[in-house]
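Written below as structure tokens is the structure these notes are about.
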Amino acid sequence: MDAAELAWRGSAATRTLGQHLRCAVLAPRWDRRQLARLLAPDTRLNRARTALRHGDWSGAHRELSQQLATRPSRFVIGPEARPSLVAEIGQAFPGAACDAAERADRIVAGEYDLLGYRALRFSDGPAWHYDPVHRRHAPRRFWASVPYLDPVCGDHKIIWELNRHQHWLALGRAYWLTGASRYRDRFVHELSSWVEANPPFIGINWASMLELGLRSLSWIWALMFFAGASEETDSPPWSVDLLLALDRQLTHIEHNLSYYFSPNTHLLGEALALYVSGRALPELAGSERRAAVGRKTLVAEMGRQIARDGGHCERSTHYHRYTLDFFLLALATARITRDPAAAMFAQAVVSLASAARILADDHGRVPHIGDDDGGMVLPIAGRRSDDWRDSLAVAASLTGRDALRIGAPPEEALWMLAHPALQIRTPSRAAEAPARVPSAALDETGYYVSRSSAGEHIVIDGGPHGYRNAGHAHADALSLTVSVRGRPLLIDPGTACYTIDPVRRDHFRSTALHNTLLLDGRPQSVASGPFQWSRSASSTTHRWRSTGAFDFFDGSHDGYAPARHRRRALMLHGDLIVVADLVSDPGPNHLHTASVRWHIGPEWRVAARDRSVAMTAGDERIALLVPHGPLEVFSGDEATGLGWHSPVYGSVEPATTVCVTHQANAPFWIVSVFDLNPADPVEDVEALSVWAEAGALAEATGIRISRRDSVAYALFAEPAHGHAHGAKSSSWRIAAFETDARMLFCRVNRRGDPIGLALVDGSIVRSDRQRLVSVATGCPSPALYLDETSIRSYTVCAASPAS
């Protein structure tokens, strides 16, 4: 800790101790009169101030509510936007009002969906300190002494999800779209209940500054939904209670920002709450100060938390979306309030959204890489958290980059863009095909994304193990996920939980539950507590090559040191995915058992036979074939813990896991072939030897892939150390083909004529019948693909490594 951190921690500890002593001497309570001194010195608030000083709570409420309803909105929604927004949503989404009423009526009836838990009920309305799933109460004691990570309190995520009050957005949506006053009345009832149950600084709902920040944003939404309602006649003075409690929570955040405790998305969310409240609510005297603190923190964290490639440094797709949504709201607020910081926030949005568009498939879905806590910034209409179309639509509008958008903007985007100041860049509502996005690498973050016009979307994790203490990372080095035309095929099984069940927590973030190789039953990285690791794997990406016809990844990690796992993956678009895993060990005669796990999405029916697995979903048919067994299939297996997935935090459902296991002395290979072309299915996959002069190769493997009318040969090789192209014996052979390439794929018809060829880092390919490729300079081509038309007489006259 440097001097600044020591000073900050000392100041925070002293303040907290003083709070604790005051709470011990005098029980904390709310005093509505205090709001008078918390209001800004604005003459328009004089009558409200006078009413507060005289204890006229109803009069103060009327004045405050009318002030908020009649002055120009400084938030993404405001009363003036209601007529046009309701009309636009009604035209674009005819069923929205009915859907909104159905969701809100369940809340009015006391039924809540929290994270992956559905239809949770409370006997006498929400119990704000209670986990209804595990039936445990968090203690009502001073906030800093609440052990919220201890399962004795229940699952703090469930308690906090209810206390984020984001379901108030669902009530507000239904109120605007239907006009029914019961939704406003439910909000008023819950606000009164919460304020009574949560006096200042007492209980679990004061313990996390991020939770206070997200709750504060929900309260601002509620203010804009319900302030100035003409239907109010004998309403409780809810705006007085809301502004008083909101100001106290925002001050608490200011004093306890997660600079040194959770300097990740927690700090961003806290800063966002300060910035948005500060800009949106000039009625509070502390707003200008809070906006300055929030702005400064958001700008400073842009350089720390957003990598140069646009990825979020925590290496979790879910937390990447959190970060994007935070900066979207910051940018929208800055535009509405004409803050020059909008230019800086726009840079963050462009970076994060560009990376998000790469990570999302062409249906807007993103694989669950790293932790997924099930939460969202704008859960107004019930969209899945792994569907990013709304965030991308808002980003496209705010930045003017329509290529970020996938299809027509969802309803959520209309709510976020409702303010007149944001309407200029609103994209067309017409449904259309998404802009073509090529394969790409987020090199610093470590994601390598292969995609094809045929609809495959493959994400390979070849990057660092998380950020700082890697609290939201999984033991997933070199794991890959695959979706096919919007259907997740190879999935990351998700998160399940955080602290309530330590065994399940560790299992779902373990190597065994990711699409990678498990060696001798050991995890690549070893967890130590719910958000710590005692040892983590370090990955290295050796090469990434991308062409219009194929992509190639080559990476390794040291998580099994001294043994090493190296993975090559060839993605031949619309045709094949070939994954070759090598286990090596510098020691002599080291026997290892390796298992490659493939976790299949629950949409797919799986049937195993011999060395192949058929997977079908609707009209889609994909096959997995291996040259060696055994091959095992698990579905909902309690004994092994395989065949499960968690679609959202708190929910665990059956899926299917396919295991390919091999035991041998290292080095050895495990090869998996995914057939993406059911029109000409692969009939068999066989292992082949790779021949070379002694000492030429450090490692190599080859396979033959047989179809009805063609045979393909795939070779993966690494020259021995110091072995250069052009040297004597610098080539190797598979079947009838000789090459010096690190990767060679060659397909021939039944007559033996070559009809397709791909290579990586090679300068020659010869067959027994003809020379297929020759690079005149002898410099290897980084990546080359030839089809049947061009293959017969192809010669490269010169090749640059950058070509």
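The values are calculated or read from the model by the stated rules, or taken from the named source; none is laboratory data. Note that the structure is a prediction, hence the values are computed from the model and not measured. Note that we place each Cβ from the backbone using ideal geometry, even for glycine, and neighbour counts take in every protein chain shown. Ligands, DNA and RNA are excluded from the accessible area calculation, which covers all protein heavy atoms including side chains. Shrake-Rupley method; radii C 1.70, N 1.55, O 1.52, S 1.80 Å.
Taking 0.36 nm per residue of separation and subtracting the Cα-Cα distance, full extension of the segment from Ala127 to Arg71 would add 16.6 nm. A cut-off under 9 angstrom between Cβ atoms defines the neighbours of Ile577, and their net charge, with Lys, Arg +1 and Asp, Glu -1, is -3.
At 1.4 Å probe size, put His721, His312 in order of accessible surface, largest to smallest. Don't skip to the answer; put the middle values down first.
Numbers: His721 190, His312 5 Å².
Per-residue accessible area, sorted high to low, gives His721, His312.
Net charge near Val366, counting Lys/Arg +1 and Asp/Glu -1 over other residues with Cβ under 9 Å of its Cβ?
-1
Over region 192-311, the hull volume per residue, using the convex hull of the C-alpha atoms, is 116 Å³.
Cα axis of helix 96-108 to longest principal axis of the chain: angle in degrees, 0 to 90, nearest 10? The helix 96-108 is inclined about 60 degrees to the chain. For the chain, the relative contact order works out to 7 percent when only alpha carbon pairs closer than 8 Å and six or more residues apart are counted. Between Arg384 and Arg141, the FRET efficiency from the beta-carbon distance, with R0 = 30 Å, is close to 0.25. Three semi-axes describe the equivalent ellipsoid of the chain; taken as square roots of 5 times the Cα gyration tensor eigenvalues and ordered largest first, they are 55, 27, 24 Å.
Our estimate of slack between Asn589 and Ala561, defined as 0.36 nm per intervening residue step minus the Cα-Cα distance, is 8.5 nm. Between amide H atoms placed 1.01 Å from N, distances below 5 Å from Thr593 occur with Asp520, all of them 5 or more places distant or on a separate chain.
Sparsely packed loop sites in region 568-669 (the GluC sites (Glu not before Pro) outside DSSP H, G, I, E and B with at most 10 other Cβ atoms within 10 Å) comprise Glu638. Rolled with a 1.4 Å probe across the full set of protein chains, the surface gives His54 an accessible area near 140 Å².
Among the chymotrypsin sites (Phe, Trp or Tyr not before Pro) in region 212-269, those located in a DSSP loop and surrounded by at most 14 other Cβ atoms within 10 Å of their own Cβ are Tyr260, Phe261.
For the pair Asp680 and Asp2 in one chain, pulling the backbone fully straight at 0.36 nm per residue adds 237.7 nm over the alpha carbon distance. Between region 624-656 and region 665-698, the alpha-carbon centres lie 25 Å apart. Look at the Cα gyration tensor of region 1-110: its axes a ≥ b ≥ c give a/c of at least 1.5 with a/b over b/c, and that counts as prolate. When +1 charges are put on Lys and Arg Cβ atoms and -1 charges on Asp and Glu Cβ atoms, the dipole computed for region 149-291 relative to its Cα centre reaches about 320 debye. Remark: region 56-112 carries a charge dipole of roughly 200 debye about the Cα centre, counting +1 on each Lys and Arg Cβ and -1 on each Asp and Glu Cβ. For the chain, the longest principal axis of the Cα atoms and the long axis of helix 238-255 meet at an angle of about 50 degrees. As a ratio to 2.2 N^0.38 Å, the alpha-carbon radius of gyration for region 333-477 is 1.10. Taking label positions 7 Å along the Cα-Cβ direction at both Asn46 and Arg750, the computed distance is 9.7 nm, reported to one decimal.
Projected label points at Glu653 and Ala639, each 7 Å from Cα along the beta carbon direction, are separated by 2.6 nanometres. Round to the nearest 10 and give me the degree value, 0 to 90, for the angle of helix 3-25's Cα axis relative to the longest principal axis of the chain. The helix 3-25 is inclined about 40 degrees to the chain.
Per-residue ellipticity at 222 nm from helix content only, as computed over the chain with -39500 (n - 2.57) for each DSSP H run of at least four residues, stands at -9500 deg cm²/dmol. Rounded to the nearest 20 debye, the dipole magnitude of region 363-519 is 400 debye, with +1 charges on Lys and Arg beta carbons, -1 on Asp and Glu beta carbons, and the Cα centre as origin.
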